[in-house]
Amino acid sequence: MEYRYDALCFDLFGTLTDDRGRAIDGALALLAGVRDSRWAIVTSAPRAVAEAILAAAGLPLPAVLVTGDDVERSKPDPACYAKAVAYLGVVPERALAIEDSVQGLAAARGAGLDTLAILRGARIGSVRDAVYAVESIADVQLRNATDGGAILRWGD
């Protein structure tokens, strides 16, 4: 199935990079596909750490990077995702958060975004705030919509 969103918000650790700061398989290709779309990275890490991880992993720095330095409370507080969609200029209901943690999924849902859980071996019951779920970011294909949005495909 295909899903269309006006903007995408990616978590950093566990979604795009592993615990050693390396790009997860499929992350670079997916981000290369969003270069003409509205997208952000939302992380609880400090800005300097997030930028260093992105550089070390060879992943692009987004125009919108919301970090722990930008909010008073980290995930699961929804302020980080609310801030990201405001910076992107879209309504939360038309944005998708791609997350791997229970706290991140709760933050995104609390801000009104749809959520795609990256399971990485977890059981679906452990991600109650997920609207959709896939095993890996490599399972997601993306193409740009002509208006700056994104069209995603996963599953059958």
Scope segment 62-74; condition under 29 Å from R153 (Cβ atoms) and over 13 Å from the mean Cα position of the chain (by Cα); matching residues
A63
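Give A111, A106, A84, A97 a once-over and let me know the one that is crowded, with 21+ Cβ neighbours inside 10 Å and over 24 Å from A32 (Cα atoms). Walk me through it before giving the result.
Details: A106 fails: crowded, with 21+ Cβ neighbours inside 10 Å; A84 fails: over 24 Å from A32 (Cα atoms); A97 fails: over 24 Å from A32 (Cα atoms).
Of the residues listed, the single one that is crowded, with 21+ Cβ neighbours inside 10 Å and over 24 Å from A32 (Cα atoms) is A111.
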I'd like to check something: does segment 50-71 contain any residue that is of a type in the set (S, T, Y), at pLDDT 95 or above and farther than 25 Å from M1 by Cβ?
yes
Looking at segment 4-32, which of its residues are at pLDDT 95 or above, buried (at least 16 other Cβ atoms within 10 Å of the Cβ) and either among the acidic types (D, E) or part of a strand (DSSP E or B) (or both)?
Y5, D6, A7, L8, C9, F10, D11, T17, A23
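Looking at this structure, is A45 touching a Leu at 6+ places or on another chain (Cβ under 7 Å), assigned to a loop (DSSP other than H, G, I, E, B), at pLDDT 95 or above and on the phi < 0 side of the Ramachandran plot? Quick ask: steps written out before the conclusion?
Details: touching a Leu at 6+ places or on another chain (Cβ under 7 Å): yes; assigned to a loop (DSSP other than H, G, I, E, B): yes; at pLDDT 95 or above: yes; on the phi < 0 side of the Ramachandran plot: yes.
Yes: the conditions hold for A45.
Kindly provide the set of residues from segment 48-61 that are surrounded by fewer than 16 Cβ atoms within 10 Å (Cβ to Cβ) and either more than 14 Å from the chain's Cα centre (by Cα) or part of a helix (DSSP H, G or I) (or both), ordered by number. Spell out how you get there, then give the answer.
Within segment 48-61, the subset surrounded by fewer than 16 Cβ atoms within 10 Å (Cβ to Cβ) is 48, 51-52, 55-56, 58, 60-61.
A48, E51, A52, A55, A56, G58 - these are the residues of segment 48-61 that are surrounded by fewer than 16 Cβ atoms within 10 Å (Cβ to Cβ) and either more than 14 Å from the chain's Cα centre (by Cα) or part of a helix (DSSP H, G or I) (or both).
Of all residues in segment 61-115, which are β-branched (V, I, T) and under 27 Å from D147 (Cβ atoms)?
Residues of segment 61-115 β-branched (V, I, T): 64, 66-67, 71, 85, 90-91, 98, 102, 115.
Those that are β-branched (V, I, T) and under 27 Å from D147 (Cβ atoms): V64, V66, V85, V90, V91, I98, T115.
The values are calculated or read from the model by the stated rules, or taken from the named source; none is laboratory data. For clarity, every value in this text was computed on a predicted model and none was experimentally measured. Note that each Cβ is placed from the backbone with ideal geometry, even for glycine, and that neighbours are counted across all protein chains shown.
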